[in-house]
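The values are calculated or read from the model by the stated rules, or taken from the named source; none is laboratory data. Predicted model only: the values in this text are computed from it and were never measured. Glycine gets a Cβ as well: all are built from the backbone with ideal geometry, and neighbour counts include every protein chain shown. The area values use the complete protein model at the heavy-atom level, side chains included, leaving out ligands, DNA and RNA. Shrake-Rupley method; radii C 1.70, N 1.55, O 1.52, S 1.80 Å.
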Amino acid sequence: MTQGKSANTLNAKRAPRTLAGTLPAAQDDSRNRSLAHYESALRLMQTGKYEAAHEAFDKLLAEGPPELGDRIRMYISACLLQVSKGKTEFASHEERYDYAISLLNNGHYEDAREEFKAILAEKQNADYAFYGLAVLASMTGDSHTCLEHLTEAIRLNSRNRIQARSDSDFQDMADDPRFTDLLYPEV
């Protein structure tokens, strides 16, 4: 009989034990919730949602199991590094313009548009940003928008007229009489 008793005893689940004694069920549930939050934060990080993962890890660091603290801090550092990689800082509007032109030349039109508009949000009379938007519109086949932006660029700085005359990015606009009238008003 003792043999049957010991087999049943081995098969029964034992409650986790610590130096202070057995863990109550409430702490076990809390740990399971913390581990579930930890897994969801990892999933956020794996899908590239670094800001959301950072917030989740921060919350978990404050409330989660202490034995995961070092690992959570490591993941927080990784999230912060990834978030900072995505943000480009510029010393001047001209630097941002150069970056926007490189985006434009590589075919990242929407990103380039956002950069030009960011310049205009900070400096409303940036003729070069209007010129960049005109080039972008020309490259994407939006002749009306191209003419609007180029007109504004020329109004702000008449040298843009001379530059546009020899700019190959406007080659698709060459047959448009409005474009010719804008670039050669003296004819």
Query raised in the report: Just for segment 47-98: of the residues that are in contact (Cβ under 8 Å) with a residue 12 or more places away in the chain and of a type in the set (D, E, K, R), which one is farthest from Tyr109 (Cα to Cα)?
Result: Glu63
Requested in this report: Kindly provide the set of residues from segment 53-65 that are part of a helix (DSSP H, G or I), surrounded by 15 or more Cβ atoms within 10 Å (Cβ to Cβ) and among the small types (Gly, Ala, Ser), ordered by number.
Outcome: Ala53, Ala56
Query raised in the report: For segment 41-50, which residues satisfy the criterion of being part of a helix (DSSP H, G or I) and exposed (fewer than 14 other Cβ atoms within 10 Å of the Cβ)?
Result: Arg43, Gln46
**Report entry** Failed item in (1) at pLDDT 85 or above; (2) under 22 Å from the mean Cα position of the chain (by Cα), with Cys79 passing the rest
**Finding:** (1)
Requested in this report: Could you check, for segment 66-89, whether at least one of its residues is surrounded by 12 or more Cβ atoms within 10 Å (Cβ to Cβ) and not in a helix (DSSP H, G or I)?
Outcome: no
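Say we look at segment 90-103 and pick out the residues that are of a type in the set (Gly, Ala, Ser) and under 20 Å from Asp169 (Cβ atoms); which of these is most open to solvent (accessible area, probe 1.4 Å)?
Ser102
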Report task. For Ala56, state whether it is under 20 Å from the mean Cα position of the chain (by Cα) and among the small types (Gly, Ala, Ser). Result -> yes
Query raised in the report: Could you list, in sequence order, the residues of segment 173-184 that are free of Cβ contacts under 8 Å to residues at least 12 places away in the same chain and open to solvent by less than 80 Å² (accessible area, probe 1.4 Å)?
Result: Ala174, Thr180
Requested in this report: Hand me the list of helices (runs of 4 or more DSSP H) wholly inside segment 113-172 holding 3 or more residues that are open to solvent by 60 Å² or more (accessible area, probe 1.4 Å).
Outcome: 143-156, 159-166
